[in-house]
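Structure first, commentary second.
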Amino acid sequence: MTDSKYFTTTKKGEIFELKAELNSDKKEKKKEAVKKVIASMTVGKDVSALFPDVVNCMQTDNLELKKLVYLYLMNYAKSQPDMAIMAVNTFVKDCEDPNPLIRALAVRTMGCIRVDKITEYLCEPLRKCLKDEDPYVRKTAAVCVAKLHDINAQLVEDQGFLDTLKDLISDSNPMVVANAVAALSEIAESHPNSNLLDLNPQTINKLLTALNECTEWGQIFILDCLANYTPRDDRESQSICERVTPRLSHANSAVVLSAVKVLMKFMEMLPKDLDYYGTLLKKLAPPLVTLLSAEPELQYVALRNINLIVQKRPEILKHEMKVFFVKYNDPIYVKLEKLDIMIRLASQANIAQVLAELKEYATEVDVDFVRKAVRAIGRCAIKVEQSAERCVSTLLDLIQTKVNYVVQEAIVVIKDIFRKYPNKYESVIATLCENLDSLDEPEARAAMIWIVGEYAERIDNADELLESFLEGFHDESTQVQLQLLTAIVKLFLKKPTETQELVQQVLSLATQDSDNPDLRDRGYIYWRLLSTDPVAAKEVVLAEKPLISEETDLIEPTLLDELICHIGTLASVYHKPPSAFVEGSRGVQHKRLPARAGSGESAESPEVGQSGTSEAPPAVIPSQGDLLGDLLNLDLAPATTTVPSVQPSMQMGAMDLLGGGLDSLPGVSHRTEMQSPQPSSDYSERELGGDIGGSPSMGAALGAPAAMPAALSNAPAVGGGLGDLFDLGGGVGMPTGFYVAPKTLFLPAMKAKGLEISGTFARRGGIIQMDLSLTNKAMSVMTDFAIQFNRNSFGLAPAGPLQVLTPLTPNQTIDVSLPLGTTGPVMKMEPLNNLQVAVKNNIDVFYFSCQYPLSLLFVEDGKMERQVFLATWKDIPNDNEAQFQIKDVHLNSDAASNKLQGSNIFTIAKRTVDAQDMLYQSIKLTNGIWVLAEMRVQTGNPNYTLSIKCRAPEVSQFVYQCYELVLKN
Amino acid sequence: MIGGLFIYNHKGEVLISRVYRDDIGRNAVDAFRVNVIHARQQVRSPVTNIARTSFFHVKRSNIWLAAVTKQNVNAAMVFEFLYKMCDVMTAYFGKISEENIKNNFVLIYELLDEILDFGYPQNSETGALKTFITQQGIKSQTKEEQSQITSQVTGQIGWRREGIKYRRNELFLDVLESVNLLMSPQGQVLSAHVSGRVVMKSYLSGMPECKFGMNDKIVIDKQGKGGTTDDTGKSGKQSIAIDDCTFHQCVRLSKFDSERSISFIPPDGEYELMRYRTTKDIILPFRVIPLVREVGRTKLEVKVVIKSNFKPSLLAQKIEVRIPTPLNTSGVQVICMKGKAKYKASENAIVWKIKRMAGMKESQISAEIELLPTNDKKKWARPPISMNFEVPFAPSGLKVRYLKVFEPKLNYSDHDVIKWVRYIGRSGIYETRC
């Protein structure tokens, strides 16, 4: 039994020798030869030339030989497709073999031969094997469907294999079920919108039953599949959780982690005041701790996941700090991860212990680890105020060690501590200055320079210190150069007399001798500031800096939620969404946590198609019946999508009800505006459907989370009834007022350091308003809001300040209506209705652009005299006429005209010719431009024809959009 | 799912390469060698992403096993699989070494074909695999044998084959615990926990249904309340609180979750039935009482007393106390009542070894440490005194109450089974600060 000899032959004429041996009559010799071929193949030698000879050995009773030949085939069939056909007969024959092991072997291997011609022959044997009497064959065939789908998806669908596969979910054998689930999950991943894995309570029940009986791997497949299901309500969610929790005691860590994933996800749906919710939280901690006694590689995976779990639900592990203490013989990757989690769990209660540990770590050997430990001490100081003093003294001790990288790291974190607790620990500056010479890393140098500049008045020789850096100015990195520039300017402002020369030197270095635009610009700004208005310069440069926030490296909440859905997988190890490292369409769908509100319709599929991010006003209109349901549904789509429009008139009824039930909703304070349909109501709707889904803490903020499901489940019925009424009203001809689109996301939180802005535009009683919802998704309070517009086509500008009176606390949303005037500076934009906005708060200035409906600018006195209309129509050249089709409007001409009037589109005259109504309409824009229109409505035809004439033809397109919008909503 | 699996020797030469998915090419084999095996730096993560391809690796002696994928696979599962793969190989041909792998490469390919299908792990229990993958080639099987194999491989009890027969039905239970302690100089327990394992060796005929009982607090309390006094007549017996436990896949978890009873059909031979962790009411087998006195700047007097804290009839073994000494130690004089003690300069410690020690005894060591004068201002950090030992009981207090065996089809009963139980408590990290 020494097969190693096969690895050693490396002679030149080898292939020929092998060929001869393969064609030998002696069975033993043949087998030996095939082994040699496989050994060469393993090492990476090309032995494809032997293809026909190897395939000839396939017809054998010797199973071992057969398996070797199959192995060869799988490797080389693709390069020799024509020859591979030779093997087909044997496969087909083997699929009929009385021995189930051989049948399975044949179907398993055939699926791995990726040659189109072969796949055709595979279908019949596969169909038989899927219904084989032996479970071993069936479980192999189930996986084979996934293989075939990977080669030719269409074929699998055409042949109906998917249905057979679905049937296997009800198979009597647990392993067949598990493999079928695995295959279906994989196929479903490449068809995001297909309802392939039709998970309903019945199938879920089957899966949960199989879960108790199948192998550890099967349990993983099933749990991973379960995690994609969204229960209908909290009760179903709880019952699934109850059946999944026993898996937490499994010896296989992957089973445990997949179970944790299901629980973490479904927990979102459980009301927090439920007893079971607390029980579940308690049950999660011990298995997570136990994962840390697994092998190091698994510990690493577990720790990366715990890092996510701790961020999502810190309460689970808050008492388990000790288990994350680093052990002497942990591999470095485990040490680094443990350290990360220790900082996250650090609190006033355990800080003493943590600090003692961190101090130990700072004397270890691994440089990265030591650095991270030092950095961690700094973070503890910032996180737990009571410990700051101890942290600082620990850091000073470390600086005394004079270990170069320890000193540098300590200085970087001390800078942060100064930022957090100004005027408290400056006594240590002297010690820091002693180590100036040993700093060779840009970050440490920059930090030190910042400290010198910031506290220049307390450091006697600050000018000397900074001057010493100036000598090699051009060799420094940008970071250091910028810091040095600022520091010297600060120094100058504090001690102007002695440092004039120095400041001039640095300004000229920065502006004249540097190629770096950032540096140059900053240099010029300082120069100008200093030369024109030193007082202003002082205000700018020496302004009080905002305190830094506690948590700087938290994962952004929407990403965190997505990663929670991927617990146990690579995504959770990389802390990146699958789309960041997976090619193609597979697994690129974004997963979301389920919403807490347990409404029926919201449940089915959280990944509703809504992935296109259209900037144009949304045109999706939910059908009237399940208005609420659809809203909930749609709000579950990724945050970047536009919120679809909803017919406001119908919503009102339902909203009032909801508003009454939930007085704490911010939107309800706008109650007075209820007469003219919307924004407040529109807003609260969003609150319920979307934001609660996104972050569970919102639920708590709203005061009565438990009451909500009830209120919601009542709403659709009543809303529907009222909706009908309003619909009738619309038919009779009640003017419906200005149409306001629901709020769309203007500025995602990701781009604005946690500030999320969504909004819409409205015209109410002749006043243009921009309705904004500001949500704070960051960790710290936001204040000092202000808004500014860029020049735009119609001179829109804020007519008042942005009224955010109270600071915006984390997770809070505030609604503001900003009145707009049209007297601002004008500049033509592309597209015409584009608006560029800047919003400032205490953190930064953010920019976004949005588009407003042109109807915003349609004034109330836009009704033209008939005579004037006729004359103007003729006067405008025909070239300026534009024609549009408005499709699928089911209104008669009167109703349409009424609706349009609500948006200041006035019908001047109506003519009926051959059952065709012609409406003549006029519009006046705020800047005095007249738009004339002719709308033709044929009875029974839902498509209108619209002709628009205007002296400024570029507006026609946007006027047409307003028509579309108004008539269809 | 797993796209391919490679095994390399320490030089990075491929010993086994099996590709399961079309998206993994031959270049992946080289990418791992270049970026991980031949990397200059120490490996910083067991998961490496190279050009959108993820590599998971584990190392056994100097053999690298790497699983490759381009998808968002279940990472925990991949590692569990790699460990399992190692177990299976070890069960088939012993130690995982280059020589053994080369000698068995045909077998390994056969195994890889069986336990991983299209990258999905399949039944990988050696018990089942050995019924149809053998190094001797397939013997001719009867139809019944074949269907027995397939039903076992896919069945609910994949870890055990049917038709096992022993003349003598016998089972061995080992309760193996490691006790960890950190104690303050004043004798206050700062942290203590026991991590334990129950290892079972079963040589039982047929498909025996087993039920394992221990003095789990939850179970005892429940029985106490119910007022049932079946076979646990001696009430007042101590019970222990288990923080968490995990079980071999043969244990019916849902039953444990609902009734907290541990029932299973065991694999044949040796396996780990359960692992557990306890933190409450731990019996600390030894107490270390340190006394360190600094006499001037060049001398230290150290006195350490150890007290054994268990039944006098029991004997602890392999006792070792390690007393750290300062870096500037120039000489040490030791006097101990029992065992042997030596100053080991290379380890900066006095190592005191005692072969055996009965319970409720105490022993003492005293040492005079001469120090070289240094101008190092920093004080000696006084690392903790650590201890190693082995005791014949479970420091957690865990007791096996019963292990019942039922095999309804064969003619042997619970009473016919010969059962052996052994408790071994070892020190984990057992430290006392001084």
Count of lysine pairs in the range B:322-397 with Cα separation under 30 Å (8 or more residues apart, or interchain): 21
Listed residue (A:98, B:224, A:182) projecting farthest to the positive dipole end of the protein assembly as shown, Cβ model: B:224
Rg/Rg_globular for the range B:1-128, with Rg_globular taken as 2.2 N^0.38 Å and Rg from C-alpha atoms: 0.97
Sparse-neighbour loop sites [chymotrypsin sites (Phe, Trp or Tyr not before Pro); the range A:772-816; at most 14 other C-beta within 10 Å; DSSP]: none
Surrounding net charge for residue A:948, when Lys and Arg each add one and Asp and Glu each subtract one, Cβ distance under 12 Å: -1
Which of B:420, B:352 is most accessible, then next, and so on - probe 1.4 Å: B:420, B:352
Per residue, in Å², the accessible surface of the range B:38-112 once ligands and nucleic acids are set aside, probe 1.4 Å: 33
Note, ³J(HN,Hα) from phi for the range A:208-225, Karplus 6.51, -1.76, 1.60, rounded to Hz, x at Gly and Pro: 5, 5, 5, 3, 6, 10, 8, 5, 4, 5, x, 4, 5, 4, 5, 5, 4, 6
Selection from B:169, A:355, B:332 lying farthest towards where the dipole of the protein assembly as shown points positive, charges on Cβ: B:332
All lysines inside 18 Å of residue A:424 as judged from Cα atoms, apart from same-chain residues fewer than 8 positions distant: A:383, A:415, A:545
Over 24 Å between alpha carbons, listed pairs A:78/B:130; B:84/B:130; A:322/B:211; A:272/A:751: A:78/B:130; A:322/B:211; A:272/A:751
Part-to-part distance (alpha-carbon centres) for the range A:866-881 and the range B:384-434, which is given in Å: 101
Anchor residue A:874: lysines whose Cα lies under 16 Å away (excluding residues fewer than 8 positions away in-chain): A:949
Positions from the range A:123-141 whose accessible area shrinks by 40 Å² or more when the full protein complex is built, not the chain alone, probe 1.4 Å: A:136
Solvent exposure, largest accessible area first (probe 1.4 Å, DNA, RNA and ligands not counted), of A:58, B:1: B:1, A:58
Kirkwood hydrodynamic radius of chain B, Cα pairs, Å: 26.0
In degrees, nearest ten, helix B:217-226 long axis to first principal axis of chain B (Cα): 80
Acute angle (nearest 10 degrees) that the helix B:105-115 long axis makes with the longest principal axis of chain B, alpha-carbon atoms: 80
Probe 1.4 Å, all protein chains present, accessible-area order of B:26, B:356, B:18, largest first: B:356, B:26, B:18
Angle between chain B longest axis and helix B:143-154 axis [Cα atoms, degrees, rounded to 10]: 50
Of the trypsin sites (Lys or Arg not before Pro) in the range A:884-921, those whose Cβ has at most 15 other Cβ within 10 Å and which sit in DSSP loop: A:887
Portion, in percent, of the accessible area of the range A:86-245 that falls on carbon or sulfur, probe 1.4 Å: 44
GNM flexibility winner over chain B from B:295, B:304, B:78 (Cα, springs under 10 Å): B:295
Number of partner chain Cβ atoms within 10 Å, mean per residue of A:317-329: 1
Fraction of alpha-carbon pairs over 17 Å apart in the range A:240-389 - percent: 62
Within the range A:218-309: Cβ-based charge dipole about Cα centre, in debye rounded to nearest 20 (Lys, Arg +1; Asp, Glu -1): 40
Chymotrypsin sites (Phe, Trp or Tyr not before Pro) within the range A:257-365, DSSP loop, no more than 10 other Cβ atoms inside 10 Å: A:328
Cα convex hull volume per residue for the range B:90-169 (Å³): 132
Charge dipole (the range A:823-969, unit charges on Cβ, about Cα centre) - positive-most of A:823, A:889, A:864: A:864
In sequence order, calculated HN-Hα J values of the range A:373-381 (Karplus, 6.51, -1.76, 1.60; Hz; x Gly/Pro): 5, 5, 4, 4, 4, x, 5, 4, 4
For the protein assembly as shown, diffusion coefficient by Stokes-Einstein and Kirkwood Rh (Cα), 4 °C, 1.567 mPa s, µm²/s: 35
Residue A:437 - accessible surface, heavy atoms, 1.4 Å probe, Å² rounded to 10: 150
Test item: Cα-centred dipole of the range B:1-136, Lys/Arg +1 and Asp/Glu -1 on Cβ, debye: 560
Contact surface B-A: accessible area buried, both sides summed, square angstrom, 1.4 angstrom probe: 7500
Per-residue SASA entry for residue A:865, accessible area with 1.4 Å probe, Å² rounded to 10: 130
Partner lysines for residue A:327 [C-alpha distance under 19 Å; skip if fewer than 8 residues away on the same chain]: A:335, A:338, A:359, A:372
Dipole magnitude of the range A:1-147 about its Cα centre (Cβ charges: Lys, Arg +1; Asp, Glu -1), debye to nearest 20: 340
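The values are calculated or read from the model by the stated rules, or taken from the named source; none is laboratory data. Just so it is clear, the model here is predicted, and its values are computed rather than measured. Using ideal geometry, Cβ is built from the backbone for each residue, glycine included, and neighbour counts are taken over all protein chains shown. When the accessible area is computed, the model is the full protein with side chains, heavy atoms only, and any ligands, DNA or RNA have been set aside. Shrake-Rupley method; radii C 1.70, N 1.55, O 1.52, S 1.80 Å.
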